[in-house]
Amino acid sequence: MIAFAVSVFFLNHAKVDTGASTSFTVGDIRIPAALENARGREAVDRAREITNQVGVTGEIGFIRYSRREQRFVIPISRPGVEAIVEVDAMKRTAVVSRRATSLLESVAYLHKSPGPHNADVRGNWFWTRVWRMLADGTVYLVLFISVTGVYLWFSIKGERRNGLALIGAGVATLFAFLYGLAV
Amino acid sequence: MALRSSHSRYLSGVLEAWNRRLHYYLGLYFLVFLWLFSFTGLLLNHPRWALSRIPNEAKPAYERNIDAAVGATDIERANDMIRKLGLRGEIDWPQSAPAPGTLEFNLAYPKQAFQVRVDLALNRATVREIDRSFWSALKISHTFSGSRYNANGTSRDWLVTSLWVIAMDALAAGLLVMVFGSYYMWYRLKRQRTLGWLVLALGFASCALFVFGLV
């Protein structure tokens with residue numbers, strides 16, 4: 001709960017310079033067969049053979065292939081590190097750009113992980129799948145605690161009037177926002 | 001000495017009563033916000049669920065003749081166009097440079113998105129509109145802050161977004177107050193301390209594993 005709440009301030013207000021990265025080149029890369037034609041999870045599994053060779057682990061975002069330049073671009077991330085692996089299939093070299101992220105950015109990364117994009121490939125790293133379970137568990141626990149909290153409040157007869165007024169105020173505020181955002 | 005002791009007992013009682021009150025007052029006010037963010041958080045975490053799908057098909061583009069764009073900068077001209085076209089939302093600039101003599105921008109809020117292209121010589125605007133479902137709008141609201149921390153060019157320029165961000169910040173701050181207040185309430189229950197410490201340590205350790213342990 002603390003991690004999710006604290007990272008909200010970072011996600012809403014922070015600005016990060018993403019240009020400050022270090023890069024290195026790895027040669028003699030073995031390109032998996034037919035990577036350029038693979039799609040979805042199969043493509044990610046084959047791209048993983050490349051990221052393993054350059055020593056980068058984490059969740060693969062997507063695989064982009066430029067047929068004209070014969071290059072693959074593979075963004076890969078995990079808490080603390082963001083990397084982009086650019087593979088030249090002709091020269092069999094890979095340039096790895098790596099950026100270390102701050103503590104708060106790592107927590108914000110976890111807040112957004114696994115996320116809604118590229119559903120076919122999301123959760124391709126073991127720890128992303130574990131985190132998804134932990135995040136889901138947190139949500140179910142919050143729902144359970146909030147329902148039991150409402151029950152506990154309702155059993156205090158002297159606080160019912162104030163509580164109902166606060167629930168009403170919360171519902172009214174949320175509906176006002178939803179009118180502006182979702183209608 | 002006895003006076004001081006009774007005074008500190010009184011203060012402790014007041015603190016405890018207000019901490020408990022604050023806990024359920026905040027909890028009740030933010031209840032529906034918490035349920036909204038919990039529910040949409042699950043949808044974001046499970047993009048394959050049927051409810052998670054966001055319809056993203058654009059309607060056929062329409063054209064409209066408009067008065068000349070007024071303003072010295074692109075943002076002023078874009079805001080002028082938004083007013084004249086009767087649109088609303090948060091401005092997002094396309095990554096590629098616009099064609100000469102045109103003004104191009106995207107405009108979005110959770111329910112709708114627009115791609116606007118204005119021919120400044122002919123004073124003609126072309127608008128492509130994407131309409132989303134209510135569920136999709138709820139889901140997008142979860143992440144709608146008008147600013148991306150890893151994109152320096154983005155900033156909030158719509159009042160509703162700024163107010164929504166304040167609401168999200170308030171919810172986060174309220175949750176932190178409730179969590180730390182509940183730690184205090186737990187700590188006052190002397191018989192539950194050992195089990196509490198164990199559960200607390202387990203929670204912190206599992207979170208720390210992800211924050212620090214996977215670097």
For the stretch B:141-157 the number of residues that are over 23 Å from B:ILE75 (Cβ atoms) and crowded, with 20+ Cβ neighbours inside 10 Å is 1
Would you please name the residue that is nearest to the other protein chains (Cβ to nearest Cβ), looking only at residues in the stretch A:24-34 that are surrounded by 10 or more Cβ atoms within 10 Å (Cβ to Cβ) and at pLDDT 90 or above?
A:PHE24
Residues of the stretch A:5-23 being charged (D, E, K, R) and more than 7 Å from every other protein chain (Cβ to nearest Cβ), which ones?
A:ASP17
Of the residues B:LEU107, B:LEU103, B:LEU36, B:LEU87, only one is in the same structural domain as B:GLY181 (by TED's automatic domain parsing) and not hydroxyl-bearing (Ser, Thr, Tyr); which?
B:LEU36
Residue satisfying condition, being small (Gly, Ala, Ser), on the phi < 0 side of the Ramachandran plot and in contact (Cβ under 8 Å) with a residue 60 or more places away in the chain, within set B:SER155, B:SER136, B:SER96:
B:SER136
When you go through (1) under 24 Å from B:ILE140 (Cβ atoms); (2) in the same structural domain as A:SER21 (by TED's automatic domain parsing) one by one for A:ARG99, which number turns out not to apply?
(1)
Do the conditions hold for B:ALA167, that is, is it at pLDDT 95 or above and either more than 8 Å from chain A (Cβ to nearest Cβ) or out of contact with any Cys (no Cβ under 7 Å at 6 or more places or on another chain) (or both)?
yes
Just checking: which of the helices (runs of 4 or more DSSP H) contained wholly in the stretch B:1-120 hold 2 or more residues that are β-branched (Val, Ile, Thr)?
B:31-45, B:74-85
For residues that are facing another protein chain (nearest Cβ under 7 Å) and more than 17 Å from the chain's Cα centre (by Cα), scanning just the stretch B:36-49, find the one that is farthest from B:HIS142 (Cα to Cα).
B:ARG48
For residues that are over 21 Å from the mean Cα position of the chain (by Cα) and either surrounded by 15 or more Cβ atoms within 10 Å (Cβ to Cβ) or in a loop (DSSP other than H, G, I, E, B) (or both), tally how many sit in the stretch A:65-79.
7
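Listed here are the residues, each with its yes/no results for (1) buried (at least 16 other Cβ atoms within 10 Å of the Cβ); (2) aliphatic (A, V, I, L, M).
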| position | (1), (2) |
| --- | --- |
| A:ARG46 | yes, no |
| A:ASN52 | no, no |
| A:ILE60 | yes, yes |
| A:ILE63 | yes, yes |
| A:VAL81 | yes, yes |
| A:VAL85 | yes, yes |
| A:ALA100 | no, yes |
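For B:ILE91, state whether it is in contact with a helix residue (DSSP H, G or I) (Cβ under 8 Å, 6 or more places away or on another chain), away from every other protein chain (no Cβ under 14 Å), under 29 Å from B:GLY41 (Cβ atoms) and modelled with pLDDT of 90 or more.
Answer is yes for this residue.
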Can you work out which of the residues in the stretch A:141-183 that are of a type in the set (Val, Ile, Thr) and in contact with a helix residue (DSSP H, G or I) (Cβ under 6 Å, 6 or more places away or on another chain) is nearest to B:THR161 (Cα to Cα)?
A:VAL171
Do we have any residue at all in the stretch A:19-28 that's assigned by TED's automatic domain parsing to the domain that holds A:GLU105, at negative phi and part of a helix (DSSP H, G or I)?
no
Answer yes or no: is there a residue in the stretch B:50-61 that is facing chain A (nearest Cβ under 9 Å) and either of a type outside the set (Lys, Arg) or surrounded by 18 or more Cβ atoms within 10 Å (Cβ to Cβ) (or both).
yes
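The values are calculated or read from the model by the stated rules, or taken from the named source; none is laboratory data. Predicted model, so just to flag it, every value in this text is computed and none were measured. When we count neighbours, we look across all protein chains shown, and the Cβ atoms used for this are built from the backbone with ideal geometry, even at glycine.
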